[in-house]
Amino acid sequence: MPRRGIILRGMAVIGITGSIASGKSTFRDFLVPILPAQAVDADAIARYLIEEDPDVRAQVLAAISPLAYKPDGLPDRAEIRRIIYGDPAAKARLEAILHPRVRKTWLHEAELANKEKRHLLVDIPLLFETGAAPLFDITVTVACSPDIQQSRLVARGLDAGLTQKILLSQMPVPEKIARSGHVVWNDGKLDALKDQAEYFAARLRGDIWRPLHRG
């Protein structure tokens, strides 16, 4: 990795990113049976590490807060979010703990996918922020308009103040789009998103002869 070309007729490691509530995970789930492919969720890996890895737990307690875990041993996610989105330095410390481990996990899955000649989808919100783009064959940004994004966040019941802090902590969507090899616009209904997944898969197979990469 990486490979560059018009159409990848073998396996591909595809990085899917986007801002919160853009629909990137739904797009990923549509693609899994269509390609077909296996998928890795970077956020799920991070959650597992925080919950189950004793070394990560020790580092989080030391670097973030002694209150980062509840008395029952489970992470206090609300407290962790409050700290990291109120203190950029704390956020950077947490990312320094998690990101190398998360990358090691999905890179291992990518190596397996390469050996087994199958596609791998990596759902990674901070794809560009972590400098991971060169490790993928194709990068996809799933995006939507700010109004749609806000309505989805409200529907999730997220606190408006926390939501704004999360949005400000992420790379602006136009920059993600500019850096990406493929863009999916997700303002519409689920059927429209599924149609785009099918179109993307057709391009990947070579059924539609247009570049998947820009630049």
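Observations, loosely collected:
- The single condition among (1) modelled with pLDDT of 95 or more; (2) out of contact with any strand residue (DSSP E or B) (no Cβ under 9 Å at 6 or more places or on another chain); (3) crowded, with 20+ Cβ neighbours inside 10 Å that residue 16 does not meet is (2).
- Of the criteria (1) surrounded by 19 or more Cβ atoms within 10 Å (Cβ to Cβ); (2) in contact with a strand residue (DSSP E or B) (Cβ under 9 Å, 6 or more places away or on another chain); (3) more than 30 Å from residue 147 (Cβ to Cβ), which one residue 28 fails: (3)
- In this structure, residue 99 does not qualify as loosely packed, with under 13 Cβ neighbours inside 10 Å and within 17 Å of residue 49 (Cβ to Cβ).
- Subset of region 103-130 [surrounded by 16 or more Cβ atoms within 10 Å (Cβ to Cβ), in a helix (DSSP H, G or I) and among the acidic types (Asp, Glu)]: 109
- Subset of region 27-63 that is in a strand (DSSP E or B) and not β-branched (Val, Ile, Thr) - its residue that is nearest to the chain's Cα centre (by Cα): 41
Residues are listed down the side, and each one gets a yes or a no for (1) within 21 Å of residue 20 (Cα to Cα); (2) polar (S, T, N, Q); (3) modelled with pLDDT of 95 or more; (4) touching a helix residue (DSSP H, G or I) at 6+ places or on another chain (Cβ under 6 Å):
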| position | (1), (2), (3), (4) |
| --- | --- |
| 75 | no, no, yes, yes |
| 81 | yes, no, no, no |
| 86 | yes, no, no, no |
| 90 | yes, no, yes, yes |
| 107 | no, no, yes, no |
| 111 | no, no, no, no |
| 115 | no, no, no, no |
| 124 | yes, no, yes, yes |
| 129 | yes, no, no, no |
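- Residue count for region 131-163, restricted to those that are surrounded by fewer than 12 Cβ atoms within 10 Å (Cβ to Cβ), under 23 Å from residue 102 (Cβ atoms) and among the aliphatic types (A, V, I, L, M): 0
The values are calculated or read from the model by the stated rules, or taken from the named source; none is laboratory data. Since this is a predicted model, take the numbers as computed values, not measurements. Neighbour counts run over all protein chains shown; Cβ positions are idealised from the backbone, glycine included.
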